[in-house]
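A.B. asks: Starting off with a structure, shown below.
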């Protein structure tokens, strides 16, 4: 038996709607039949969803999207029309993105990170807030406290982050400093091969103890209570002692790094005390990676509508992946609902 799978030739389906139009013989008023619900001139919801998917998931440029739709589907569309349809998609995704942002803010713990979005002026920054079942993105013109507040709201969850200064206002109980970043700093102390190397070796050894044990907590073979009993009596004090030793080395870079880490020493161990808090910021960094690859191809966005499309499509794409939902199918549902005046579909657990 031989099977050959082939893609059939795809041609656009063109539907024409004609409405009866009459002019009143007495007053001259022209009346016209009502347009069917959800019907707009130009392109249908599946075409719009495909264009959004090309941009937000596949990171295809507007010109390349125009070319691909013509080659694959025989659909004539220019880059300007692609921009207009992406702006419409952003409007359709607005209530969905707001719902996801509010949901993530309301979780007990989340990961947070940010990266530059526009390389040229005016520069902007892409922020992300990641919970286990949803991810929210926002683009703001600054990398400051105001942008941070826009993302997390007035009552943020416990946040796992790097040591960027905008997070320094968080109390220790509301913050977990990323141990993956710390581990890289400890390795850098070793690689300098100078007076700070011994401190780096000891700190890296202690970090490795944590990274060897934590996967067992994550998969359930070691409970969090057991982890605390085995590691918390000694590990924090030993790490703190070596950090203090590091502030007295002859290596200026090691000394500066140790002093910086000691400022957030209490936030090194939140993950061990609070259920749901992770010791690394890997979840946020992974969520940003897709956006960073898109930025390198597109150089960011130049307009306000472009920024709204980017942050909302990234929110939808990331959350669809977390929820195991088909992205194209979800985009079609969102666009069709917006066009017909129905409630937007939900990506949240239980359709909250």
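The values are calculated or read from the model by the stated rules, or taken from the named source; none is laboratory data. A quick note: this is a predicted structure, and the numbers were derived from the prediction, not measured. Note: ideal-geometry Cβ built from the backbone for every residue, glycine included; neighbour counts use all protein chains shown.
A.B. asks: Where in the stretch 9-108 are there helices (runs of 4 or more DSSP H), lying wholly inside it, with at least 1 residues that are farther than 16 Å from residue 317 by Cβ and assigned by TED's automatic domain parsing to the domain that holds residue 295? Walk me through how you get there before you give the answer.
C.D. replies: Numbers: elements: 45-56, 62-73, 79-105.
Hits in the stretch 9-108: 79-105.
A.B. asks: Also: Could you run through the stretch 163-176 and say how many residues are over 12 Å from residue 112 (Cβ atoms) and touching a residue at least 24 places away in the same chain (Cβ under 8 Å)?
C.D. replies: Residues in the stretch 163-176 being over 12 Å from residue 112 (Cβ atoms) and touching a residue at least 24 places away in the same chain (Cβ under 8 Å): 5 in total.
A.B. asks: Find the helices (runs of 4 or more DSSP H) located wholly in the stretch 142-256 whose residues include 3 or more that are farther than 30 Å from residue 120 by Cα, and list them.
C.D. replies: 179-191, 197-219, 224-231, 235-246
A.B. asks: Taking the stated definitions as given, is residue 288 in contact with a strand residue (DSSP E or B) (Cβ under 8 Å, 6 or more places away or on another chain) and either farther than 18 Å from residue 162 by Cα or assigned to a helix (DSSP H, G or I) (or both)?
C.D. replies: In short, yes.
A.B. asks: Could you tell me whether any residue of the stretch 209-224 is more than 31 Å from the chain's Cα centre (by Cα), touching a residue at least 12 places away in the same chain (Cβ under 8 Å) and closer than 30 Å to residue 251 by Cβ?
C.D. replies: Restricting attention to the stretch 209-224, the residues satisfying the condition of being more than 31 Å from the chain's Cα centre (by Cα) are none.
No, the stretch 209-224 has no match at all.
A.B. asks: Just need a number here: residues in the stretch 30-49 that are farther than 14 Å from residue 332 by Cα and in contact with a helix residue (DSSP H, G or I) (Cβ under 6 Å, 6 or more places away or on another chain).
C.D. replies: Count: 1.
A.B. asks: Additional query: Would you please name the residue that is farthest from the chain's Cα centre (by Cα), looking only at residues in the stretch 78-92 that are without any contact (Cβ under 8 Å) to a residue 40 or more places away in the chain and surrounded by fewer than 21 Cβ atoms within 10 Å (Cβ to Cβ)?
C.D. replies: Here is the first cut: in the stretch 78-92, the ones without any contact (Cβ under 8 Å) to a residue 40 or more places away in the chain are 78-82, 84.
The next check asks that each one be surrounded by fewer than 21 Cβ atoms within 10 Å (Cβ to Cβ); those that pass are 78-81, 84.
Values: 78: 29, 79: 26, 80: 27, 81: 26, 84: 24 Å.
That would be 78.
A.B. asks: In the stretch 292-306, is there at least one residue being within 18 Å of residue 59 (Cβ to Cβ), crowded, with 18+ Cβ neighbours inside 10 Å, touching a residue at least 40 places away in the same chain (Cβ under 8 Å) and under 14 Å from the mean Cα position of the chain (by Cα)?
C.D. replies: Yes, the stretch 292-306 contains a residue that is within 18 Å of residue 59 (Cβ to Cβ), crowded, with 18+ Cβ neighbours inside 10 Å, touching a residue at least 40 places away in the same chain (Cβ under 8 Å) and under 14 Å from the mean Cα position of the chain (by Cα).
A.B. asks: Another question about this same structure. Restrict the check to the stretch 41-64 and report whether at least one residue is surrounded by 10 or more Cβ atoms within 10 Å (Cβ to Cβ), touching a strand residue (DSSP E or B) at 6+ places or on another chain (Cβ under 8 Å) and at pLDDT below 90. Steps first, answer last, please.
C.D. replies: Applying the first criterion (surrounded by 10 or more Cβ atoms within 10 Å (Cβ to Cβ)) to the stretch 41-64 yields 42-64.
Keeping just the survivors that are touching a strand residue (DSSP E or B) at 6+ places or on another chain (Cβ under 8 Å) gives none.
Taking every residue of the stretch 41-64 in turn, none turns out to be surrounded by 10 or more Cβ atoms within 10 Å (Cβ to Cβ), touching a strand residue (DSSP E or B) at 6+ places or on another chain (Cβ under 8 Å) and at pLDDT below 90.
A.B. asks: For residue 310, which of the numbered conditions (1) in a helix (DSSP H, G or I); (2) loosely packed, with under 14 Cβ neighbours inside 10 Å fails to hold?
C.D. replies: Single failed check for residue 310: (2).
A.B. asks: Is it the case that the stretch 128-139 has a residue that's assigned to a loop (DSSP other than H, G, I, E, B) and either touching a residue at least 60 places away in the same chain (Cβ under 8 Å) or more than 16 Å from the chain's Cα centre (by Cα) (or both)?
C.D. replies: yes
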